[in-house]
1. Under a straight-distance cross-link criterion of Cα-Cα below 26 Å, which lysines are reachable from residue 70, leaving out those fewer than 8 residues away in the same chain?
2. From the phi angles alone, apply the Karplus equation (6.51, -1.76, 1.60; θ = phi - 60°) to region 47-64 and give each ³J(HN,Hα) in whole Hz, x where the residue is Gly or Pro.
3. Carbon and sulfur: what percent of the chain's accessible surface (1.4 Å probe)?
4. Just need log10 I(q)/I(0) for the chain at q = 0.15 Å⁻¹, Debye formula, equal scatterers on the alpha-carbon atoms, no solvent, rounded to two decimals.
5. With the other protein chains left in place, how much accessible area per residue, in square angstrom, belongs to region 28-72 at a 1.4 angstrom probe?
6. Roughly speaking, what is the stretch gain from residue 18 to residue 39, that is 0.36 nm per residue apart minus the C-alpha to C-alpha distance, in nm to one decimal?
Amino acid sequence: MLGRSHGISVTETVLDAEYRIAVLEGIIEVLLAKLDDQNKISEAALSQIRDEAFEKLKLKYPDQDIVREKER
């Protein structure tokens with residue numbers, strides 16, 4: 001992982017988080033691809049997960065006026 005010998009680098013912290021998220025997304029995509037159709041996660045369930053994650057983020061950073069952009 002990225003690191004510094006002194007202080008906190010916001011840039012390095014963001015890059016490290018982006019890297020870790022990308023790795024987790026890749027792992028999840030591989031695992032989901034291995035599931036049979038009856039065990040797949042529905043679009044409704046994915047939407048609920050996204051909604052809950054967004055609400056948690058808004059609660060964590062209430063002063064940031066966070067808005068949700070359209071999914072890619």
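1. Qualifying lysines at Cα under 26 Å: 40, 56, 58, 60.
2. 4, 5, 4, 5, 4, 5, 5, 5, 5, 5, 5, 4, 5, 5, 10, x, 8, 8
3. Values: 3870 of 6950 Å².
Carbon and sulfur atoms account for 56 percent of the accessible area of the chain.
4. These q points yield log10 I(q)/I(0) values of -0.77.
5. About 101 Å² of surface per residue is accessible.
6. Length gained between residue 18 and residue 39: 4.7 nm.
The values are calculated or read from the model by the stated rules, or taken from the named source; none is laboratory data. Since this is a predicted model, take the numbers as computed values, not measurements. Each accessible area value is taken on the protein alone, full model and side chains, heavy atoms only, with ligands, DNA and RNA left out. Shrake-Rupley method; radii C 1.70, N 1.55, O 1.52, S 1.80 Å.
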